[in-house]
């Protein structure tokens with residue numbers, strides 16, 4: 001039977017779904033060299049590499065004879081998945097840009113397992129790589145051999161690509177790292193690749209947070225609406241994100257409040273101020289450890305925004321404070337104490353910086369700021385005064401970790417008080433994906 | 001022979017390297033039910049799932065009889081890798097927190113391939129999962145069967161974990177996304193996991209860029225030194241990063257110049273200013289598309305830094321300009337033209353903002369700024385004046401894309417001129433990993 005079959009495959013190999021031509025083929029070789037011969041004929045590569053075991057080495061000459069060409073042998077151990085996996089990776093890397101097929105028909109199951117794992121993974125970097133095996137439509141259980149003549153070479157699909165699990169894993173990693181735009185790109189690619197709509201819902205979520213944390217509140221707000229539209233569709237009732245539907249709805253409302261604030265420019269709008277401040281604090285918290293200079297910037301702005309708000313609800317503004325003579329006198333007095341300078345060295349106050357805003361709010365009896373003692377403020381003044389000297393503002397100072405922590409505490413305390421006064425729940429944390 | 005073997009495995013299964021107890025086992029079933037029986041006995045799970053084909057369905061009863069327990073059958077097609085892969089994934093997800101083993105001994109090579117690919121990937125999310133198969137020390141090629149009595153169940157290592165390729169892929173993705181700190185974490189984990197030192201060299205590179213782009217120049221500078229120490233060690237002569245050794249050395253020098261500038265606070269230090277400005281422009285460029293508000297902040301600061309430098313080399317400062325009466329008059333005149341306001345509405349200049357700095361530099365005959373016409377500056381003035389109104393500075397304005405682009409162009413042009421005057425090569429782009 002074998003000579004006839006060989007003759008047939010030499011002329012016209014049976015390949016499913018369609019014959020493709022490869023430049024390099026790599027095969028495992030066990031105790032059925034015939035299957036490997038058929039695979040090599042079906043793949044038709046010029047360069048043939050054979051991973052054989054000490055036991056199967058004796059089949060190499062028959063294989064070369066049947067194929068009518070030399071093959072390059074690589075000896076491995078029949079149970080050493082890792083060694084085989086590494087050998088396959090090395091050969092693939094040695095042939096950049098070439099069309100390569102891996103055939104896992106012959107050899108032990110451990111060899112096939114290593115070959116499959118290597119092939120399916122390497123396909124990410126070498127998209128033209130294929131994993132193949134010789135299947136048969138009928139198997140004779142008594143002879144424990146395929147019924148001759150029913151063999152065909154199958155180019156196997158890559159389940160990672162079909163189901164997208166590896167890309168989804170990457171998307172989740174990016175999401176966890178707050179790289180929302182990269183996560184969104186992955187989910188969009190997954191939707192195209194797998195045709196599955198539920199990935200688009202995840203993409204909408206990522207795009208919402210991407211814009212939100214990039215301070216594009218209008219964009220984020222329309223993404224939030226799009227996301228909630230998805231989640232109320234019948235098709236997505238069981239989408240995992242629906243567990244967070246309530247929270248997502250609150251976040252959509254929060255974003256709307258920020259958009260309204262940025263349009264009205266009215267610092268007394270409580271809800272918008274709270275959601276915007278919470279956003280800036282969140283951005284600061286995420287950067288505190290590894291990017292203290294950026295973190296300080298967000299904390300300063302959050303803190304200032306709260307002061308601007310507390311001034312605005314009292315009918316005042318840091319930009320045009322219109323100070324009465326008594327207020328002017330009080331401010332210079334307070335600054336003199338906090339800065340430890342004689343009053344005559346304190347220049348008349350024009351616009352209100354952070355420290356001047358605090359002084360005016362104390363004078364106006366703001367309970368949140370009156371809580372801080374003169375000695376607290378003597379401790380904070382250096383950090384509050386140094387904002388303009390920061391590398392990202394006008395100077396060359398790099399914020400120190402200790403300063404950033406003090407600033408974070410001060411800003412968070414003022415935020416908590418303002419939020420409690422308002423009795424509002426604000427939750428800007430991204431929801432969990434799973 | 002089989003009854004004896006079965007009896008032996010019921011009492012004492014042969015497992016390599018050590019026997020472990022599993023709660024769930026999932027098996028492929030082909031035409032050798034005996035191997036599956038041995039695997040199930042060796043794994044000792046209470047719940048046994050069997051992925052069989054229409055052809056191998058008839059072996060289920062023998063399997064149950066030999067095992068002495070019921071198994072749960074799942075029918076698949078012998079060549080459908082994807083269907084099998086999906087079925088395995090579903091079963092694994094249905095048993096969260098349980099110790100699961102996948103046995104790929106029986107069935108076609110396509111089935112084993114799907115099982116291996118699924119198992120090795122799922123292990124990332126379920127670290128206690130194991131892939132197993134029944135190996136034999138001797139195979140009878142005539143009978144095409146293992147020599148009875150030499151079988152052992154092998155718990156296969158996961159080559160992704162042994163070689164770390166999947167983690168390396170993730171690290172590279174993070175690096176490409178400029179998530180240097182996540183990339184560094186991965187490389188450190190890879191070094192621990194695989195014991196391979198070359199991953200630590202990559203980690204040092206990532207840590208350098210992480211600190212650099214977080215504006216921690218001192219930290220980055222010491223990381224750069226550490227990286228170059230690695231690359232000159234004999235052990236790492238052939239490390240792929242050594243192709244970038246020259247560029248990395250220049251970057252180390254650039255970082256040193258920035259550190260010196262931040263210490264001296266002397267804005268006339270050309271090299272430090274150029275490297276620092278290039279860093280800020282790079283940060284801006286990376287954020288321009290998706291985070292225009294942050295991008296604007298970096299561009300503003302880069303632009304201002306160049307003005308501060310050009311003033312400093314002319315012995316002047318934006319903070320204490322000490323304007324002569326002629327200069328004061330010229331500045332108010334220029335501002336009146338650029339802002340389109342009558343001169344009497346222009347207040348006397350105290351400190352120099354962006355526009356005032358440009359006006360003074362023009363008056364002092366700075367060639368880089370004299371190139372811009374009054375009409376250019378009338379076009380730029382709105383954007384230059386609005387810095388303080390930005391959401392991240394003192395106001396509630398979100399930078400528009402068009403403004404950010406104008407700002408980027410202006411800043412890049414001024415940077416190029418300054419760099420050409422200095423005749424310095426500056427390259428802040430992270431090197432390629434591969």
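Based on this model, can you work out whether residue B:256 counts as surrounded by 15 or more Cβ atoms within 10 Å (Cβ to Cβ) and either at pLDDT 95 or above or within 14 Å of another protein chain (Cβ to nearest Cβ) (or both)? Give the steps one after another, and end with the answer.
Values: surrounded by 15 or more Cβ atoms within 10 Å (Cβ to Cβ): yes; either at pLDDT 95 or above or within 14 Å of another protein chain (Cβ to nearest Cβ) (or both): yes.
Yes.
Report those helices (runs of 4 or more DSSP H) wholly inside region B:187-285 carrying at least 2 residues which are within 28 Å of residue B:411 (Cβ to Cβ) and over 18 Å from the mean Cα position of the chain (by Cα).
Numbers: elements: B:198-213, B:217-232, B:245-264.
Of the helices (runs of 4 or more DSSP H) lying wholly inside region B:187-285, those with at least 2 residues that are within 28 Å of residue B:411 (Cβ to Cβ) and over 18 Å from the mean Cα position of the chain (by Cα) span B:217-232, B:245-264.
Tell me, yes or no, whether region B:95-104 has at least one residue that is at the interface with another protein chain (Cβ under 9 Å from one of its Cβ atoms) and in contact with a helix residue (DSSP H, G or I) (Cβ under 6 Å, 6 or more places away or on another chain).
Our first condition is that a residue be at the interface with another protein chain (Cβ under 9 Å from one of its Cβ atoms); within region B:95-104, this holds for B:104.
Narrowing the set further to residues that are in contact with a helix residue (DSSP H, G or I) (Cβ under 6 Å, 6 or more places away or on another chain) leaves B:104.
Yes: region B:95-104 contains one or more residues that are at the interface with another protein chain (Cβ under 9 Å from one of its Cβ atoms) and in contact with a helix residue (DSSP H, G or I) (Cβ under 6 Å, 6 or more places away or on another chain).
Search region B:123-138 for residues being at pLDDT below 90 and either buried (at least 24 other Cβ atoms within 10 Å of the Cβ) or not in a loop (DSSP other than H, G, I, E, B) (or both), and hand back the single one that is nearest to the other protein chains (Cβ to nearest Cβ).
Applying the filter and picking the extreme gives B:135.
If you go through region B:59-76, how many residues are part of a helix (DSSP H, G or I) and either farther than 16 Å from residue B:35 by Cβ or without any contact (Cβ under 8 Å) to a residue 24 or more places away in the chain (or both)?
Step one: of region B:59-76, the residues part of a helix (DSSP H, G or I) are B:59-67.
Among the residues that remain, those that are also either farther than 16 Å from residue B:35 by Cβ or without any contact (Cβ under 8 Å) to a residue 24 or more places away in the chain (or both) are: B:61, B:64-65.
Summing the residues that are part of a helix (DSSP H, G or I) and either farther than 16 Å from residue B:35 by Cβ or without any contact (Cβ under 8 Å) to a residue 24 or more places away in the chain (or both) in region B:59-76 gives 3.
Could you identify the single residue in B:305, B:355 that is part of a helix (DSSP H, G or I), over 23 Å from residue A:293 (Cα atoms) and under 40 Å from the mean Cα position of the chain (by Cα)? Lay out the reasoning, then the answer.
Numbers: B:305 fails: over 23 Å from residue A:293 (Cα atoms).
The match here is B:355.
Considering every residue within region A:33-41, establish whether at least one is surrounded by fewer than 18 Cβ atoms within 10 Å (Cβ to Cβ) and at pLDDT below 95.
First, the residues of region A:33-41 that are surrounded by fewer than 18 Cβ atoms within 10 Å (Cβ to Cβ): none.
No, the conditions are met nowhere in region A:33-41.
Restricting attention to region A:399-425, which residues are surrounded by 20 or more Cβ atoms within 10 Å (Cβ to Cβ) and part of a loop (DSSP other than H, G, I, E, B)?
Matches in region A:399-425: A:399 only.
Working carefully through the options B:69, B:86, find the one that is surrounded by fewer than 19 Cβ atoms within 10 Å (Cβ to Cβ), at pLDDT below 95 and away from every other protein chain (no Cβ under 11 Å).
So the residue among B:69, B:86 that is surrounded by fewer than 19 Cβ atoms within 10 Å (Cβ to Cβ), at pLDDT below 95 and away from every other protein chain (no Cβ under 11 Å) is B:69.
Please specify each residue of region B:10-33 satisfying the condition of being in contact with a helix residue (DSSP H, G or I) (Cβ under 9 Å, 6 or more places away or on another chain), farther than 30 Å from residue B:79 by Cβ and outside any loop (DSSP other than H, G, I, E, B). Before the answer, list the steps.
Within region B:10-33, the first condition is being in contact with a helix residue (DSSP H, G or I) (Cβ under 9 Å, 6 or more places away or on another chain), and the residues that meet it are B:10, B:13-15, B:19-22, B:24-33.
Next, from what is left, pick out any that are farther than 30 Å from residue B:79 by Cβ: B:10, B:13-15, B:19-21.
The answer is B:10, B:15.
Restrict the check to region A:193-209 and report whether at least one residue is crowded, with 22+ Cβ neighbours inside 10 Å, within 21 Å of residue B:396 (Cα to Cα) and within 13 Å of chain B (Cβ to nearest Cβ).
yes
Could you list all residues from region B:72-81 that are within 14 Å of another protein chain (Cβ to nearest Cβ) and in contact with a strand residue (DSSP E or B) (Cβ under 9 Å, 6 or more places away or on another chain)?
Within region B:72-81, the subset within 14 Å of another protein chain (Cβ to nearest Cβ) is B:76-81.
The answer is B:76, B:78, B:79, B:81.
Filter region B:344-378 down to the residues that are exposed (fewer than 12 other Cβ atoms within 10 Å of the Cβ) and touching a helix residue (DSSP H, G or I) at 6+ places or on another chain (Cβ under 6 Å) and list them by number.
Result: B:374, single match.
Which number in (1) more than 30 Å from residue B:219 (Cβ to Cβ); (2) surrounded by fewer than 20 Cβ atoms within 10 Å (Cβ to Cβ); (3) within 14 Å of chain B (Cβ to nearest Cβ) marks the one condition that residue A:290 misses?
(1)
Between B:386, B:373, which is touching a strand residue (DSSP E or B) at 6+ places or on another chain (Cβ under 7 Å), at pLDDT below 95 and assigned by TED's automatic domain parsing to the domain that holds residue B:406? Give the steps one after another, and end with the answer.
Values: B:373 fails: touching a strand residue (DSSP E or B) at 6+ places or on another chain (Cβ under 7 Å).
Of B:386, B:373, the one residue that is touching a strand residue (DSSP E or B) at 6+ places or on another chain (Cβ under 7 Å), at pLDDT below 95 and assigned by TED's automatic domain parsing to the domain that holds residue B:406 is B:386.
Looking only at region B:310-323, decide whether some residue is within 13 Å of chain A (Cβ to nearest Cβ) and part of a helix (DSSP H, G or I).
Looking for residues that are within 13 Å of chain A (Cβ to nearest Cβ) and part of a helix (DSSP H, G or I), one finds at least one in region B:310-323, hence yes.
Select from region A:86-110 the residues that are part of a helix (DSSP H, G or I) and closer than 26 Å to residue B:32 by Cα and list them in ascending order. Can you show your working first?
Applying the first criterion (part of a helix (DSSP H, G or I)) to region A:86-110 yields A:86-93, A:109-110.
Once the filter is applied, which keeps residues that are part of a helix (DSSP H, G or I) and closer than 26 Å to residue B:32 by Cα, region A:86-110 yields A:109, A:110.
Can you spot a residue in region A:404-427 that is within 14 Å of another protein chain (Cβ to nearest Cβ), under 30 Å from residue B:219 (Cβ atoms) and within 30 Å of the chain's Cα centre (by Cα)? Give the steps one after another, and end with the answer.
Quick first cut of region A:404-427, residues within 14 Å of another protein chain (Cβ to nearest Cβ) only: A:404.
Still in the list and also under 30 Å from residue B:219 (Cβ atoms): A:404.
Still in the list and also within 30 Å of the chain's Cα centre (by Cα): A:404.
Within region A:404-427 (the criterion being within 14 Å of another protein chain (Cβ to nearest Cβ), under 30 Å from residue B:219 (Cβ atoms) and within 30 Å of the chain's Cα centre (by Cα)), the answer is yes, since at least one residue qualifies.
Quick one: in region B:149-179, which of the residues that are outside any helix (DSSP H, G or I) and surrounded by fewer than 15 Cβ atoms within 10 Å (Cβ to Cβ) is modelled with the lowest pLDDT? So that I can check it myself, show each step before the final result.
So in region B:149-179, the residues outside any helix (DSSP H, G or I) come out as B:149-158, B:164, B:177-179.
Then keep just the ones that are surrounded by fewer than 15 Cβ atoms within 10 Å (Cβ to Cβ); that gives B:149-150.
On the way: B:149: 75, B:150: 81.
Within region B:149-179, the match that is modelled with the lowest pLDDT is B:149.
Could you list all residues from region A:105-122 that are facing chain B (nearest Cβ under 7 Å), more than 32 Å from the chain's Cα centre (by Cα) and touching a residue at least 12 places away in the same chain (Cβ under 8 Å)?
A:105, A:108, A:110, A:112, listed by residue number.
Select from region A:369-398 the residues that are within 12 Å of chain B (Cβ to nearest Cβ) and assigned to a loop (DSSP other than H, G, I, E, B) and list them in ascending order.
A:391, A:392, A:393, A:394, A:395, A:396, A:398
Enumerate the pairs (first residue in region B:159-175 and more than 10 Å from every other protein chain (Cβ to nearest Cβ); second residue anywhere and outside any helix (DSSP H, G or I) and surrounded by fewer than 22 Cβ atoms within 10 Å (Cβ to Cβ)) with beta-carbon separation below 8 Å, excluding pairs fewer than 6 apart on the same chain, so at least 6 apart or on different chains.
Between residues of region B:159-175 that are more than 10 Å from every other protein chain (Cβ to nearest Cβ) and residues that are outside any helix (DSSP H, G or I) and surrounded by fewer than 22 Cβ atoms within 10 Å (Cβ to Cβ), the close pairs are B:164/B:196; B:175/B:430; B:175/B:433.
Inspect all residues belonging to region A:34-53 and state whether any of them is over 16 Å from residue A:104 (Cα atoms) and either out of contact with any helix residue (DSSP H, G or I) (no Cβ under 6 Å at 6 or more places or on another chain) or in a strand (DSSP E or B) (or both). Don't jump to the end; show me each part of the working.
Going residue by residue through region A:34-53, those that are over 16 Å from residue A:104 (Cα atoms) are A:46-47.
If we keep only those that are either out of contact with any helix residue (DSSP H, G or I) (no Cβ under 6 Å at 6 or more places or on another chain) or in a strand (DSSP E or B) (or both) as well, we get A:46-47.
Yes, because at least one residue in region A:34-53 is over 16 Å from residue A:104 (Cα atoms) and either out of contact with any helix residue (DSSP H, G or I) (no Cβ under 6 Å at 6 or more places or on another chain) or in a strand (DSSP E or B) (or both).
The values are calculated or read from the model by the stated rules, or taken from the named source; none is laboratory data. Remember, predicted model here, so these are calculated numbers, not experimental data. For neighbour counting, all protein chains shown are included, and Cβ atoms are generated from backbone atoms with ideal geometry for every residue, glycine included.
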